[in-house]
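Written out below as structure tokens is the structure these notes cover.
The values are calculated or read from the model by the stated rules, or taken from the named source; none is laboratory data. Because the structure is a prediction, the values reported are computed rather than measured. Please note: Cβ atoms are built from the backbone with ideal geometry, for glycine as well, and neighbour counts cover all protein chains shown.
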Amino acid sequence: MSEQMPNLVDVDDLWVKFPTRTGMFDAVRGVSFSLGKERLGIVGESGSGKSMTGRALLRLIRKPGIVEAKQMKLMGEDLLSKTEQEMRDVRGQRISMVMQDPKFSLNPVMTIGDQIMEAYSLHAKATKRDAKDKAMEMLKAVTIRDPDRVFRAYPHEMSGGMGQRVMIAMMLAPDPEILIADEPTSALDVSVQGQVLSIMDRLVEERGMGLIFISHDLNLVSSFCDRVLIMYAGRVVETCRADKLHEAQHPYTRGLLNSLPRLDQPRDRLEVLKRDDAWRDAASVVETS
Amino acid sequence: MSGVEIENLNVWFGDGEDRVDAVIDASLRVESGASFGLVGESGSGKSTILRAITGLVPTWSGKMVVAGEELGDSRSATFFNKVQMVFQDPYASLHPRHSVDQVLSETLHLHGYDDIDKRVPKLLEDVGLGTSFRFRYPHQLSGGQRQRVAIARALAPKPEILLLDEPTSALDVSVQAEILNLLVDLREERKLTYVMVSHDLAVVGHMCEQIAVMQHGKVVEIMSVEEMRAMRPQNEYTKHLLTSSLGYSRPESVR
């Protein structure tokens, strides 16, 4: 990350809270990070607040949930003070999100082509002809071999990997500055996973997009991303360079890494993570890079 | 004695034009007391083999000898005393309105035990859950605890063979480690035979001595865990699976 370039995203002290009968539940507690034109990974177990962080950025937390932050900026613009109307120009157009399972995020009664065209013309006010060209171009960009057929197909005619590629095509049609990918490959087979990742990889490289990659898979994040935030119980316990993830220091990160079975290092027993309440209570780590 | 012996197993669904061949000419042999892994992508037929063994698919041909019994169209009551299955999703495989006690008692009753009240706490202890969990409902349990209940249920009739269908893929890695350790311990204590299906090669590598790789319904390679760890598979597809399981490798063009 070069110093003079403005960050795409700056988040300072982000909290996501939900009131419950037993008091306030803090899903995200004081998370701070910034994103440049890079691949930022957020890893953690279920319930660690990684998806909530991604959703909060798009202000997708519904009431009664509360989002608070000292600062949440998109290229210098404050996201928190935007009205709901103004947020619509951000969502999809400037920050896009790819969710985990294409089965639930595509409209089952609309053809793929119509869905991509809709996503595009909603933001670009293009003619039908332009929208169609763009949709075909996007389908080709995500390496779909037979875009004509896929354009006319319905979601149930797609396999999981195809569906996820279509999702990415749809999300990228308005040319966003930032893509949030929430477990984009968890529902896919390993070999398809590689293809989907390389598409996102190329787009980051070619378009200078920022990517927030949310995942529970440590090996994947360490081989795919540039930088990683490790979350536990709503806070960031550690940040490090992705390729240095295996040298991480925090006992939680170490525990997670050691609990993974590995092909190259056979062991009789897997290490079981011993949770320490101190990890939960300490303040979020702020980057020191 | 062989625990599971399968010869030229074919499984299909539907007929005529709609016929799908889920398993094609699969043959494998699992010695009694061994641990055998089945890997492959979704739709490769690995779970279907387990379902064929338990009698959950009606349309199959070939020869299956499991726990000394040659299998026909139906399964005898004693078959289920010897062979049990643990399913993938502990959120779906436990009845939401049955307490742990009901789940285990019913299973014990079906297998003809009388001293159910004594056996339930024993079963819970065997899987590392205290007796305090006995009267809880599934929604009061975490994913890992649910999977332990599912394992306790499978252990109830004291089986010889456990069929494990992705037992940890719905769990977090730290919980996965606990369940895998439990399965290793149980196998050692009871001399169980495992047939384990997983898409995660590292998990299968940890648990199993022999691994069969499946693609499009066929067994393309059977190898030992040492061969797999040494990354010396014979088959191209296996190589591809192994390299993709190691994480993302950036193509030269984007580096």
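In table form, for the structure just shown:
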| read-out | value |
| --- | --- |
| Selected residue (criterion: farthest from the chain's Cα centre (by Cα)) from residues of segment B:43-66 that are under 22 Å from B:SER224 (Cα atoms) and part of a loop (DSSP other than H, G, I, E, B) | B:SER44 |
| Residue in segment A:32-55 that is surrounded by the most Cβ atoms within 10 Å (Cβ to Cβ), counting only those that are of a type in the set (A, V, I, L, M) and more than 14 Å from chain B (Cβ to nearest Cβ) | A:ILE42 |
| Any chance A:SER215 is in contact with a helix residue (DSSP H, G or I) (Cβ under 9 Å, 6 or more places away or on another chain), buried (at least 19 other Cβ atoms within 10 Å of the Cβ), farther than 27 Å from B:VAL225 by Cα and among the hydroxyl-bearing types (Ser, Thr, Tyr) | yes |
| Residues that are surrounded by 15 or more Cβ atoms within 10 Å (Cβ to Cβ), modelled with pLDDT of 90 or more and closer than 22 Å to A:MET209 by Cβ, drawn from segment A:119-133 | A:ALA131 |
| Residue within segment A:170-185 that is within 14 Å of chain B (Cβ to nearest Cβ), out of contact with any Gly (no Cβ under 9 Å at 6 or more places or on another chain) and surrounded by fewer than 23 Cβ atoms within 10 Å (Cβ to Cβ) present | yes |
| One residue from B:VAL4, B:VAL39 being part of a strand (DSSP E or B), within 14 Å of chain A (Cβ to nearest Cβ), buried (at least 16 other Cβ atoms within 10 Å of the Cβ) and not acidic (Asp, Glu) | B:VAL39 |
| A:GLN164 vs. criteria surrounded by fewer than 21 Cβ atoms within 10 Å (Cβ to Cβ) and either touching a residue at least 40 places away in the same chain (Cβ under 8 Å) or not in a helix (DSSP H, G or I) (or both) | no |
| Qualifying strands (runs of 3 or more DSSP E) (wholly inside segment B:140-255; at least 1 residues being over 18 Å from B:ALA34 (Cα atoms) and either within 11 Å of chain A (Cβ to nearest Cβ) or among the aliphatic types (A, V, I, L, M) (or both)) | B:210-215, B:218-224 |
| Pick from segment A:134-149, criterion of a type outside the set (A, V, I, L, M, F, W, C) and in a loop (DSSP other than H, G, I, E, B), ranking: surrounded by the most Cβ atoms within 10 Å (Cβ to Cβ) | A:THR143 |
| Hits in segment A:56-111 (condition: free of Cβ contacts under 8 Å to residues at least 60 places away in the same chain and crowded, with 19+ Cβ neighbours inside 10 Å) | A:ALA56, A:VAL67, A:ALA69, A:LEU79, A:VAL90 |
| Qualifying positions in segment B:59-96 - under 24 Å from B:ILE24 (Cβ atoms) and of a type in the set (Val, Ile, Thr) | B:THR59, B:VAL65, B:VAL66, B:VAL83 |
| Per-region count, segment B:203-224, residues in contact with a helix residue (DSSP H, G or I) (Cβ under 9 Å, 6 or more places away or on another chain) and free of Cβ contacts under 8 Å to residues at least 24 places away in the same chain | 3 |
| Wholly within segment A:1-68, strands (runs of 3 or more DSSP E) carrying at least 1 residues that are under 17 Å from the mean Cα position of the chain (by Cα) | A:9-20, A:23-35, A:39-43 |
| Matching residues in segment B:81-118 - criterion: being part of a loop (DSSP other than H, G, I, E, B), in contact (Cβ under 8 Å) with a residue 60 or more places away in the chain and of a type outside the set (A, V, I, L, M, F, W, C) | B:GLN88, B:ASP89, B:PRO90, B:TYR91 |
| Residues being assigned to a loop (DSSP other than H, G, I, E, B), touching a residue at least 24 places away in the same chain (Cβ under 8 Å) and of a type outside the set (A, V, I, L, M) - total across segment B:67-80 | 1 |
| Scan of segment A:77-97 for residues that are modelled with pLDDT of 90 or more and either in a loop (DSSP other than H, G, I, E, B) or closer than 16 Å to A:PRO155 by Cα (or both), ordered by number | A:LEU79, A:LEU80, A:SER81, A:LYS82, A:THR83, A:ARG94 |
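Rundown of residues vs (1) within 14 Å of chain A (Cβ to nearest Cβ); (2) under 30 Å from B:GLU236 (Cα atoms); (3) surrounded by 16 or more Cβ atoms within 10 Å (Cβ to Cβ), yes/no style:
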site: B:VAL20; (1), (2), (3): no, yes, no
site: B:VAL57; (1), (2), (3): no, no, yes
site: B:SER61; (1), (2), (3): no, yes, no
site: B:GLU69; (1), (2), (3): no, no, no
site: B:ASN81; (1), (2), (3): no, no, yes
